[in-house]
1. Report, by residue number, each residue of segment 49-107 that is of a type in the set (S, T, N, Q) and either farther than 27 Å from residue 37 by Cβ or touching a Phe, Trp or Tyr at 6+ places or on another chain (Cβ under 6 Å) (or both).
2. Restricting attention to segment 1-11, report how many residues are over 14 Å from residue 55 (Cα atoms) and part of a loop (DSSP other than H, G, I, E, B).
3. Give segment 59-87 a look and list any residue that's of a type in the set (Val, Ile, Thr) and free of Cβ contacts under 8 Å to residues at least 12 places away in the same chain, or say none.
4. Does residue 27 fit the bill of being free of Cβ contacts under 8 Å to residues at least 24 places away in the same chain, closer than 17 Å to residue 80 by Cα and either surrounded by 14 or more Cβ atoms within 10 Å (Cβ to Cβ) or polar (S, T, N, Q) (or both)?
5. If we scan segment 67-86, do we find a residue that is in a loop (DSSP other than H, G, I, E, B) and hydrophobic (A, V, I, L, M, F, W, C)?
6. Just one of the numbered conditions (1) farther than 17 Å from residue 64 by Cα; (2) assigned to a helix (DSSP H, G or I) is not true of residue 36; which one?
7. How many of the residues making up segment 1-18 are surrounded by 14 or more Cβ atoms within 10 Å (Cβ to Cβ) and without any contact (Cβ under 8 Å) to a residue 24 or more places away in the chain?
Amino acid sequence: MGGNGGMTPKHAQLLAGDLDTETLVRYIDRFLMYYIRTADRLQRTAPWVESLGLDHVREVVCEDSLGLAEEFEAAMERHVANYKCEWKGVLEDPDKLSRFVSFVNAPTRSTRP
């Protein structure tokens with residue numbers, strides 16, 4: 001986890017190994033929620049992990065050193081339960097869909113039926 005592509009690529013680092021699927025997903029959920037709550041705005045994961053230290057992130061995510069694991073997991077459950085795909089909403093709403101035009105070098109020519 002914590003790898004980046006782009007201008008300053010970084011290899012991901014191993015947070016934990018030899019996990020069953022349930023534990024793996026739980027750790028991913030905790031990692032993401034901890035990142036969302038503590039990273040600076042627009043901060044990528046690699047600099048975030050570097051600033052905290054991999055051992056600290058491992059303690060929080062895998063060992064629940066801050067006692068926040070249940071809170072992180074509940075927050076992820078709420079997020080997943082309430083997730084709405086914005087693009088699906090556009091496709092299902094003719095008014096929103098009308099704001100988009102399919103074109104190839106001709107913005108006034110619509111390809112929609």
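1. 98, 102, 105
2. Summing the residues that are over 14 Å from residue 55 (Cα atoms) and part of a loop (DSSP other than H, G, I, E, B) in segment 1-11 gives 7.
3. 80, the sole residue that qualifies.
4. No, not satisfied.
5. Looking for residues that are in a loop (DSSP other than H, G, I, E, B) and hydrophobic (A, V, I, L, M, F, W, C), one finds at least one in segment 67-86, hence yes.
6. (1)
7. 0
A quick yes/no check of all residues on (1) in contact with a helix residue (DSSP H, G or I) (Cβ under 7 Å, 6 or more places away or on another chain); (2) surrounded by 13 or more Cβ atoms within 10 Å (Cβ to Cβ); (3) modelled with pLDDT of 95 or more:
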position: 33; (1), (2), (3): yes, yes, yes
position: 38; (1), (2), (3): no, yes, yes
position: 48; (1), (2), (3): yes, yes, yes
position: 52; (1), (2), (3): no, yes, yes
position: 72; (1), (2), (3): yes, yes, yes
position: 82; (1), (2), (3): no, no, yes
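The values are calculated or read from the model by the stated rules, or taken from the named source; none is laboratory data. Just so it is clear, the structure is predicted and the values come from calculations on it, not from any experiment. Positions of Cβ are generated from backbone atoms using ideal geometry, with glycine treated the same way; all protein chains shown enter the neighbour counts.
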